[in-house]
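Throughout, read-outs are computed from the coordinates displayed, never taken from laboratory work. Every value quoted in this text rests on a predicted model; they were computed, and no experiment measured them. All Cβ positions, glycine included, derive from the backbone under ideal geometry; neighbour counts span all protein chains shown.
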Amino acid sequence: MTGGKLLVLQDSPQFGGHEIMFLKLLPAALGGAFDEVVVRMPQANGAFFEALQRLRAVPLRVKPWHFVKRAAEPWLAGFRHRYARAVREAVVEERPSTILLLQGRIENLAVPMLSIPNGHFVVSYIPMAHSLAEMGRTGGLGDRVRRRLYRRPDRFVVPSPAVADQLARAGARAPVFVVENVVDPPPMTHRKLRSELGLPPGRRIALFMGRFDTGQKGLDLLIEALKRGARALSDWTFLFVGSGAGQAAIEALHDDPGHTIDIRILPWAEQPYDILQACDILLMPSRFEGVPLIMLEAMSCGLPMLASDLDVFRDYLPETHRADFKVVDLADRLNALTSVHTAAAFAETARARIASARLDLSRERFLAALAPGAQR
């Protein structure tokens, strides 16, 4: 496709893996497919703004505004009149041929979905579409309220077939394009020494990396698993890299005189490969996920992992590398997955799986999804 204008809307102050993947795909739209790309995003999301500015593309125009998603958005979106008016004014001013909603979940951009005038082609780029029950919450009424949001986009872009299935269960009716997440290959450099990271050189290290969240990321499930198996985990070091509200729970376990688990905490690293290559296994006890970039980065390193038994993880990981963290014998699974034979076999299949995902193909699919009338 050529010509026209792409209007991108985003209303989260968070800058995470979904935004990072969008930035990888965006050059496809900047390479002549559209005459111009305009991004409206919150002033509060400085990291996203700076990343967009680094693209330095002539047809890209970034116009921050102060609107952000609020709590209870599916219920209150219809009452946010100033936000709705600003959306309608932006659509009239820009006259886009395609409107792209960059959504972390369907709650994001609920106001634009309810206020964009009919007749505009709207595409949702969304990494997950779990029901509240699948997220470990109760709320059948909440899911019913969200169904009208899932029915607004004319097309969806998702990172895996599992998310496409989630959309169908959530009530979405529009065509779905699967555009795989892609990560940069590990740098061809000498792996960073553990000593440089302040890690013990002679111990096995299990890694939790990302947002310290006791809800989505299942940090509480991991902490309980550590408590259950503490005696059998004495020869392991557990490294937590990131930040978030759950850090207090990690520190409480670290300081508890009744447990002898070796726990280390490091701040988030912009270059994760140094840390991934310094560890023996990655732990992902999430209750729900899209397709996390940290999982793909670990696989590209050939690093073993133990993850929750989620639909998106089943797309990438064998059964042996998935578990119910509520009951898992952590020591037994860690020892099995890091044995020489098992780790080597996983590294081979993981690297092959990652190699099959190519950025040029994902960009091609993404661009096709933005074109009205394109076929899946």
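Quick notes on this one:
- With viscosity 1.306 mPa s and temperature 10 °C, the Kirkwood radius over alpha carbon pairs of the chain converts through Stokes-Einstein to a diffusion coefficient of 72 µm²/s.
- Restricting the trypsin sites (Lys or Arg not before Pro) of segment 291-353 to loop positions (DSSP other than H, G, I, E, B) with no more than 14 neighbouring Cβ atoms within 10 Å leaves 326.
- Where labels lie 7 Å past Cα in the beta-carbon direction, separation of residue 270 and residue 65 in nm: 3.0
- Debye-sum result for segment 118-166 in log10 I(q)/I(0), which assumes one identical scatterer on each alpha carbon, at q = 0.13, 0.19, 0.27 Å⁻¹: -0.35, -0.70, -1.09
- Residue-averaged [θ]222 nm for the chain, counting only DSSP H segments that reach four residues, each worth -39500 (n - 2.57): -10000 deg cm²/dmol
- Placing +1 on each Lys and Arg Cβ and -1 on each Asp and Glu Cβ, with no other charges, gives the chain a dipole about its Cα centre of roughly 1220 debye.
- Max mean-square fluctuation residue, GNM over the chain, Cα-Cα springs under 10 Å, options 317, 283, 197: 197
- Positive end of the dipole of the chain (Cβ unit charges, origin at the Cα centre): among 168, 306, 350, the Cα lying farthest that way belongs to 168.
- For the chain, the longest principal axis of the C-alpha atoms and the axis of helix 340-355 are separated by about 10°.
- In the frame of its principal axes, segment 40-80 has Cα extents of 38, 18, 13 Å, reported largest first.
- Gaussian network model of the chain, springs between alpha carbon atoms under 10 Å - residue of 56, 144, 204 with greatest fluctuation: 56
- Taking a straight Cα-Cα cut-off under 19 Å and skipping sequence neighbours fewer than 8 places away in the same chain, the lysines within cross-link reach of residue 326 are 217, 227.
- Cross-link partners for residue 5 among the lysines, with Cα-Cα distance under 30 Å and sequence neighbours closer than 8 places in the same chain left out: 24, 63, 69.
- Against the rule of thumb 2.2 N^0.38 Å, how large the Cα Rg of segment 194-355 comes out: 0.95
- A Förster radius of 45 Å combined with the Cβ-Cβ distance from residue 345 to residue 133 puts the calculated FRET efficiency at roughly 0.80.
- Counting only Cα atoms, the size of segment 79-166 along its three principal axes is 41, 29, 18 Å, in decreasing order.
- In plain terms, the bigger the Kirkwood radius, the slower the diffusion; for segment 1-153, with that radius from Cα pairs, at 10 °C and 1.306 mPa s, Stokes-Einstein puts D at 99 µm²/s.
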